[in-house]
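Below is one structure, written out as structure tokens; comments come after it.
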Amino acid sequence: MSNILEQMQKDLYSGKVEEVKKEVKKALDEGLSAQEILNQGLLKGMERAGKDFKAGDLFIPEVLICAKAMHAGVDVLRPLLVGSGATMLGKIVIGTVAGDLHDIGKNLVRMMMEGAGFEIIDLGVSVPPEKFVETVISKGAQLIGMSALLTTTMPSMKTTIEALAKAGLRDRVKVLVGGAPVTASFAESIGADAYAPDAVSAVDMARELIM
Ligand code: B1M
């Protein structure tokens, strides 16, 4: 692996925001692709932080600092991942479900969807079911994308689908779910239309569902 990617992983793990930004720019200058830098540099660094967090070797403030460095690196890549001049394929409301503050994966999904030409309304984190429903009505969205990273917040996906049905919207809005603990069988069990394991397949699924 290129030295710059290894250094990027280390600096992301140490939360060195400015260094990570510089390394992302340098890696681009060296000819690495945005996707390669994202997968082999930034996400690998975050993965290491995740392992150590799980093992109890890193604590929340430290993981937050890693996440800040991750966001800084992704910001540099954003124009390349998102592309330009794409036409709007449809409207998607996206958010992390109620009680859940994890947004790195959701932001990647949003970026990829924007890049593919969808109009995205991002409700942020800890989005209650009624907020999803309200936004579908006010913005006329065709799809809701929900992200959950905690097993304890996954049930909010089901509650949101029930709230859509109660509002009489279920027939005209598709539901896509994802996030590390979410599976295809869970998606099916709660009545979602689709599950995507990563940001790239989320775009494929959205295309299939809306178009
Ligand atoms: Co938290 N956390 N965290 N955390 N955190 C996890 C998720 C955990 C697995 C760590 C662990 O113990 N191993 C664990 C959950 C355990 C469980 O539920 N089974 C956990 C926990 C327990 C917690 C707290 C409860 C800790 C505590 O307080 N004791 C707490 C909860 C706070 C809350 O949400 N209410 C907490 C807090 C935090 C931080 C705030 C410190 C920080 C979040 C910062 C932020 O997001 N801005 C954080 C982080 C960073 C993590 C880990 C380390 C990394 C998550 C991440 O960003 N991954 C995570 C450990 C891990 O996952 N290994 C962990 C990278 C990201 C690109 O992947 O989000 O999976 P991911 O997204 C992927 C796919 O899943 C998919 O595409 C993305 C890109 O390919 N995808 C979708 C995601 N959403 C999608 C939506 C789609 C389709 C695909 O359609 C709409």
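Nothing in this text is a laboratory measurement; each read-out follows from the coordinates by a stated rule. Keep in mind the model is a prediction, meaning the values are calculated, not measured. We place every Cβ from the backbone using ideal geometry, glycine too, and count neighbours over all the protein chains shown.
With neighbour counts taken as other beta-carbon atoms within 10 Å, the residues LEU164, LEU12, LEU42 rank, fewest first, as LEU164, LEU42, LEU12. The rule of thumb for compact globular proteins, 2.2 N^0.38 Å, goes into the C-alpha radius of gyration of region 150-211 1.09 times. Along its principal axes, region 51-168 has C-alpha extents of 48, 37, 16 angstrom, given from the largest down. Can you pull a Stokes-Einstein diffusion coefficient for the chain at 20 °C (1.002 mPa s), Rh from Kirkwood over Cα pairs, as a whole number of µm²/s? The estimated diffusion coefficient comes to 121 µm²/s. What the Cβ-Cβ distance of SER138 and ARG172 gives, at R0 = 22 Å and to the nearest 0.05, is a FRET efficiency of 0.95. For region 58-77, the residues whose amide N sits under 16 Å from a probe point set 7 Å from the Cα of GLU18 along the beta carbon direction are 69, 72-73. For region 1-115, the Cα gyration tensor yields ellipsoid semi-axes of 24, 21, 10 Å (square root of five times each eigenvalue, largest first, whole Å). Residues LYS91, LYS106, LYS174, ranked from the fewest to the most other C-beta atoms within 10 Å, line up as LYS91, LYS174, LYS106. Less than 5 angstrom separates the built amide H of GLY124 from those of THR96, all sequence-distant by 5 or more or on a different chain.
Remark: for residue pairs LYS21/LYS174; LYS139/LYS166; LYS16/LYS51, the C-alpha separation exceeds 25 Å in LYS21/LYS174.
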